[in-house]
Amino acid sequence: MSGPGNQALNINSVVGNHANLEITNHGSNWYYAVCALMGFCTLLFMALSFRKPQGDRIFHYITAGITGVACISYFAMGSNLGQTPIQAEFVRPARKWVSSAGTREIFYARYIDWFITTPLLLLDLLLTAGVPTPTILATLLADLIMIVTGLVGALTQTRFKWGFWSFGMLALFFIAYELLFDARRHAQVLGGDAKKTFMLCGTFLLFIWFLYPIAWGLSEGGNIIHPDGEAVFYGVLDVLAKPVFGILLLWGHRRLSSSQLGLRIRNRSEITSEKYNPGYGQRDGVGVHNEGPGANVGGHTTGTTVHPSATHTNVNA
């Protein structure tokens, strides 16, 4: 199956069970190419993080983590590892590319990748929009449901797999609602670069994500395209949803600071200043005073002096 260069399929043919219909050397080469691209982007995003203050690197770290996990996943799939054979629901002897299918390989490594990286993609967007924590948690839960139902559906050999596909679609629609309505309203309040970045990246990511169920239906679900075609389809989508998305997001954040988005992330110098100077001032509009009974936790004042002995707290978010 493999040529003189890439020997991964031959070497790993003795590892685990293998399906009648699995990737060829072409699919393996493609997976390795995407692996290399993901690895390069991981290093690039980490290098770019050093251009930002330490407290403003969260989006670089999240985005680098996304491509880093994807790099490992694509290495596994290029090596034809992290897969298991599943009896195909639809056997199509008349179709040239899948006529050999009795069993088809399913890459569970792909779903492990998505289980880690898709919540991080959403976290990039939701933090950019300044969405409150409860909404973030609900959206991430829906995302995990979407990924798990996709995996269970892929591993199901009967038509009940489409029930799991439907549950995943419901979760995807919930995510779309949160991004298009709730998160968008928060981004509009922030305005400026935060709003522009969220609208561009959010619309782009949602469009890409709605193509994944089609890829699933053509591959794991319907057994219509060959695993090599599946590799290309998912690979292109992942490149768009991870490195390209990451570049767009970090470009939009080039003039944004964490404090502008309502994130209170302190540098070592600020922690030291707070420790030895309880009256340490504000940073970028975010209050870092001792959070005592009279603390202004919103970082804004109305001109009213709050005495230490006062029992009333002035909170102006």
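A few remarks follow.
- Of the candidates TYR31, TYR61, the single residue that is under 17 Å from SER258 (Cα atoms) and either in contact (Cβ under 8 Å) with a residue 24 or more places away in the chain or within 28 Å of the chain's Cα centre (by Cα) (or both) is TYR61.
- Residue within the range 123-141 that is in contact with a strand residue (DSSP E or B) (Cβ under 8 Å, 6 or more places away or on another chain), part of a helix (DSSP H, G or I) and over 23 Å from THR63 (Cβ atoms) present: no
- The residue list GLY39, GLY55 contains one member that is at pLDDT 95 or above, of a type outside the set (A, V, I, L, M, F, W, C) and under 30 Å from LEU123 (Cβ atoms), which is GLY39.
- Residue, surrounded by the most Cβ atoms within 10 Å (Cβ to Cβ), within the range 105-122, restricted to residues that are part of a helix (DSSP H, G or I) and more than 14 Å from the chain's Cα centre (by Cα): ALA109
- Qualifying positions in the range 227-258 - β-branched (Val, Ile, Thr) and either surrounded by 19 or more Cβ atoms within 10 Å (Cβ to Cβ) or modelled with pLDDT under 95 (or both): VAL239
- Taken together, the criteria exclude ILE271 from residues that are at pLDDT below 90, assigned to a loop (DSSP other than H, G, I, E, B) and either out of contact with any His (no Cβ under 8 Å at 6 or more places or on another chain) or not aliphatic (A, V, I, L, M) (or both).
- ALA176 meets the conditions (1) surrounded by fewer than 20 Cβ atoms within 10 Å (Cβ to Cβ); (2) more than 19 Å from LEU144 (Cβ to Cβ); (3) among the small types (Gly, Ala, Ser) in every case but one. The failed one is (2).
- Restricting the range 144-169 to residues that are polar (S, T, N, Q) and within 18 Å of PHE210 (Cβ to Cβ), the residue that is surrounded by the fewest Cβ atoms within 10 Å (Cβ to Cβ): SER166
- Meets criteria (buried (at least 18 other Cβ atoms within 10 Å of the Cβ) and more than 27 Å from HIS226 (Cβ to Cβ)) for LEU141: no
- Filter pass, GLY153 being part of a helix (DSSP H, G or I), more than 20 Å from the chain's Cα centre (by Cα) and closer than 19 Å to GLU89 by Cβ: yes
- For beta carbons closer than 7 Å, sequence separation of 6+ or different chains, a first residue in the range 194-217 that is on the phi < 0 side of the Ramachandran plot and surrounded by 15 or more Cβ atoms within 10 Å (Cβ to Cβ) and a second that is modelled with pLDDT of 95 or more and among the hydroxyl-bearing types (Ser, Thr, Tyr), the qualifying pairs are ALA194/THR128; THR197/THR128; PHE198/THR128; ALA215/TYR234.
- Near pairs, Cβ below 9 angstrom, 6+ apart or cross-chain, from the range 128-147 (more than 22 Å from THR197 (Cα to Cα)) to any residue that is surrounded by 18 or more Cβ atoms within 10 Å (Cβ to Cβ) and polar (S, T, N, Q): LEU144/THR118; MET146/THR118; ILE147/THR118
- Residue match in the range 158-174 (condition: closer than 30 Å to GLY252 by Cα, under 23 Å from the mean Cα position of the chain (by Cα) and among the aromatic types (Phe, Trp, Tyr)): yes
The values are calculated or read from the model by the stated rules, or taken from the named source; none is laboratory data. All values derive from a computational prediction rather than experimental measurement. As a convention, Cβ positions derive from the backbone with ideal geometry for all residues, glycine included, and neighbour counts pool all protein chains shown.
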